[in-house]
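Heads up, the thing below is written out as structure tokens.
Each value in this text was obtained by applying a stated rule to the coordinates, not by laboratory testing. Since this is a predicted model, take the numbers as computed values, not measurements. Because the Cβ atoms are built from the backbone with ideal geometry, glycine has one as well, and the counts that use them run over all protein chains shown.
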2 protein chains.
Amino acid sequence: MNPLTAEESAAALAKLPGWTLRGDGKAIARQFAFPDFRAAFGFMAQVALLAEKQDHHPEWSNVYNKVDITLTTHDAGGLTQRDIRLAAAINKIA
Amino acid sequence: MNPLTAEESAAALAKLPGWTLRGDGKAIARQFAFPDFRAAFGFMAQVALLAEKQDHHPEWSNVYNKVDITLTTHDAGGLTQRDIRLAAAINKIA
């Protein structure tokens, strides 16, 4: 899978509310906030199931009610449609 | 709850294989590695249940098969017995 061009990345991001392109253009990131840890981890469990199903995994961190997710495709050395697809699916459950 | 003294921290860490004291002495950290994402997230789910039960939550991140956990007690401004207790429980399930 080839990395997206700058134009393709911009077009994809326009349809992904909340996600921003990392400075180097090789990843997208979004922070999600919830009422508490239980809600935050419940969200993470749903994302984990999505990730397994899509065989594409997030780089993510959690501190209490906040979850920070970064998506990139290491095999391709940048952002690909796999990241866009996972981000769109995550937005649906958030 | 008061922060542990340097002596108390050292004594507690001696009983917590794999955990190290952060440079400022206010937190402990450990990285856990698993065969794959599924195993890593299964571990995280168990830690999440522990954390809820103890009402004390980790700062943590995950990239595929690796989970990095940092424990500190923000309310106390440093390391306390709550961190030691959670670290010991995490070691039991790892």
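Sort B:D83, A:D24 by Cβ crowding within 10 Å, fewest neighbours at the top.
Numbers: B:D83 27, A:D24 9.
Lowest to highest Cβ neighbour count: A:D24, B:D83.
Here B:D36 yields copy-to-copy label distances, from shortest upward, of 3.5 nm, the label point defined as 7 Å from Cα along Cα to C-beta.
The mean number of partner chain beta-carbon atoms within 10 angstrom of a residue's beta-carbon across peptide A:35-47 is 3.
Counting alpha carbon pairs within less than 8 Å and at least 6 residues apart, what relative contact order, in whole percent, applies to chain A?
Dividing the mean separation by the residue count of chain A yields 35 percent.
Let me check I've understood the local charge: for A:A14, count other residues with C-beta under 12 angstrom from its C-beta, Lys and Arg +1, Asp and Glu -1. What total comes out?
Numbers: positive: A:K15; negative: A:E7, A:E8.
Local net charge: -1.
Using the per-residue mean of other Cβ atoms lying within 10 Å as a proxy for protection, in what order, highest first, do the peptides B:84-93, B:64-73 fall?
Details: B:84-93: 17.1, B:64-73: 18.9.
Top of the packing list down: B:64-73, B:84-93.
The C-alpha atoms of chain A define a longest principal axis, and helix A:81-93 lies at about 30 degrees to it.
Given R₀ = 25 Å, what would the calculated FRET efficiency be for A:R85 paired with A:R22, taking r from the Cβ atoms and rounding to 0.05? Don't skip to the end; give the middle numbers.
Numbers: r = 18 Å, r/R0 = 0.71.
After rounding to 0.05, the efficiency reads 0.90.
Sorted from shortest to longest, the distances between the B:D68 label points of this copy and the other copies are 1.0 nm, with each point 7 Å from Cα along the line through the beta carbon.
For B:H56, A:H74, what's the fewest-to-most ordering of other Cβ within 10 Å of each Cβ? Spell out each step's value before the answer.
Values: B:H56 19, A:H74 12.
Ranking B:H56, A:H74 by Cβ neighbours within 10 Å, fewest first, gives A:H74, B:H56.
Look at where the Cα atoms of region B:1-47 and of region B:51-76 average out, and the two centres are 9 Å apart.
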